[in-house]
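Reading through the structure tokens given below for one structure.
The values are calculated or read from the model by the stated rules, or taken from the named source; none is laboratory data. Nothing here was measured: the structure is a model prediction, and the numbers come from that model. Note that each Cβ is placed from the backbone with ideal geometry, even for glycine, and that neighbours are counted across all protein chains shown. To get the accessible areas, we keep the full protein, side chains included, count just its heavy atoms, and leave off ligands, DNA and RNA. Shrake-Rupley method; radii C 1.70, N 1.55, O 1.52, S 1.80 Å.
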Amino acid sequence: GHDSDTNKLRWSTWVKQIQETTAGAKRSLNLQNLQHCSTPDTAGYSAPLAACLRGQPMRNVLYKEDSISASFSNNTHSFNYLLLDPRYTKNLPCRASKLPLQECFRVFCNSVFHVGRGKRTRPLAHLQDATSRSKDNSKIRRVRNIWNAGYGVISVQVGGGMSCEEALTRQALVVAAVGLHNLCNVRGGNLYPPCNAWSYELTAEVGVIILFRAMLSYLSAGEKLWFKHDLI
């Protein structure tokens, strides 16, 4: 559709801009002054994502990401989603027009604390679990921490109409890019053919593209915060 074509154009343009940027060049972005809650710059990220956020040259592997859907059935109702911490985003959609696109992407990546897949209201199930005193894990503690600080949790849906296998594969690609230990995920997902034959580098590179497209959708839709009182 039109949105997909626009996202492809923006990604391709950004890749070209990064490839044209050299160390110390005028166009190079200074990203060192961003404020974070706790995560240091690019810590624990895959090499492709860390290099991308530093403005280093990267390959354009859009065709690989485009080929994923053709490898799976698309008549089911699974999708992927990301849970974001608003203390990182600071309402990024409202600030994005004044920031370089690369800086927006860096803030977005730092805000992601869970990568999931599911159907219907699956993302809200995590938040519902956090309202129960009998349940506890790192994801639930993160949600409660956000609520206790006076904020709501951001849920971003990524894609739709996918098979369970495709959603699991895309989940694994994003986790590979961000790094499992930067997330509250217990597992990294599963790669199904043909993606299970990809190199680690390609896996992470495609994960970066999925992340970037998710960010563009998030910036377009705006920020919706889910507070505890929304679930009870």
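Side notes on the structure shown:
- Which listed residue, of Ser97, Ser111, is modelled with pLDDT under 95 and hydroxyl-bearing (Ser, Thr, Tyr): Ser97
- Any hit, the range 124-142, residues being under 18 Å from Leu62 (Cα atoms), of a type outside the set (A, V, I, L, M, F, W, C), out of contact with any Cys (no Cβ under 7 Å at 6 or more places or on another chain) and touching a residue at least 60 places away in the same chain (Cβ under 8 Å): no
- On the stretch given as the range 156-165, residues that are assigned to a helix (DSSP H, G or I) and aliphatic (A, V, I, L, M) total 0.
- Taking the listed residues Arg59, Arg27, the one that is part of a loop (DSSP other than H, G, I, E, B), open to solvent by 80 Å² or more (accessible area, probe 1.4 Å), modelled with pLDDT under 55 and not small (Gly, Ala, Ser) is Arg27, with no other qualifying.
- Check on Arg144, modelled with pLDDT of 85 or more and of a type outside the set (A, V, I, L, M): yes
- Test result for Arg170, within 19 Å of the chain's Cα centre (by Cα) and open to solvent by less than 30 Å² (accessible area, probe 1.4 Å): yes
- Among the residues making up the range 156-166, those that are open to solvent by less than 80 Å² (accessible area, probe 1.4 Å) and either modelled with pLDDT of 95 or more or within 25 Å of Lys90 (Cα to Cα) (or both) are Val156, Val158, Gly159.
- Count of residues meeting criterion [surrounded by fewer than 16 Cβ atoms within 10 Å (Cβ to Cβ) and not in a helix (DSSP H, G or I)] in the range 198-224: 3
- Matching residues, the range 183-197, being surrounded by 17 or more Cβ atoms within 10 Å (Cβ to Cβ), out of contact with any His (no Cβ under 9 Å at 6 or more places or on another chain) and in a loop (DSSP other than H, G, I, E, B): Gly188, Gly189, Leu191, Tyr192
- Among the residues of the range 57-113, just one is of a type in the set (Val, Ile, Thr) and farther than 28 Å from Ala125 by Cα, namely Val61.
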